[in-house]
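Reviewing the structure listed below.
The values are calculated or read from the model by the stated rules, or taken from the named source; none is laboratory data. Predicted, not measured: the structure shown is a model, and the values here were computed from it. Every residue, glycine among them, receives a Cβ derived from its backbone with ideal geometry; neighbour counts consider all protein chains shown. Please note that ligands, DNA and RNA were not included when accessible areas were found on the heavy atoms of the full protein model with its side chains. Shrake-Rupley method; radii C 1.70, N 1.55, O 1.52, S 1.80 Å.
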Amino acid sequence: MRFMVMVMATKESESGPPPKPEAFAAMQKYNEELVKAGILLAAEGLTASSKGTRVKFSGDERIVIDGPFAESKELVAGFTIIQVKSKEEAIEWVKRAPNVSPNGEGVVEIRKLMDVEDFTENFGDAFTPNPEIAKVKY
């Protein structure tokens, strides 16, 4: 099972200076543990929403909205993708992550990435995956 672990933004991550070198070092050490365990697929930080853009779909119309976006607590500041056996294992790995938030407060969201099996389980024979894409193993 693959899980996306999303670090939610804070006021500091949206407007403050970049994290201190100690915070980078702590995250690097944690990511090295994930690599050694063979479960890390990706890990990235994101720029502040002030440098982002949203595209709103309304029927056939597309509306481009430049950041920053109002609710920082609803924004993702970074993510990790891990491959583990269960949601419980994903939770245990996330609980080991260092708290690098400048004020000591933060939220991390864990969501399972959907696999072909999730679609076939939900849609049965009505779902026929593209055979080329279905061959890809994560």
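All conditions but one from (1) touching a residue at least 40 places away in the same chain (Cβ under 8 Å); (2) out of contact with any Ser or Thr (no Cβ under 6 Å at 6 or more places or on another chain); (3) acidic (Asp, Glu) apply to Glu61; the one that does not is (1). Evaluated against (1) open to solvent by less than 30 Å² (accessible area, probe 1.4 Å); (2) of a type in the set (Val, Ile, Thr); (3) outside any strand (DSSP E or B), Thr47 falls short on exactly one condition, (1).
Residues in segment 1-38 that are of a type in the set (Gly, Ala, Ser) and not in a helix (DSSP H, G or I): Ala9, Gly16, Ala37, Gly38.
For segment 1-19, the set of residues classified as of a type in the set (A, V, I, L, M) and open to solvent by less than 90 Å² (accessible area, probe 1.4 Å) consists of Met4, Val5, Met6, Val7, Met8, Ala9, listed by residue number. Residue check: Glu22 meets all listed conditions (1) of a type in the set (Asp, Glu); (2) within 23 Å of Ile110 (Cβ to Cβ); (3) surrounded by fewer than 17 Cβ atoms within 10 Å (Cβ to Cβ) but one, namely (2).
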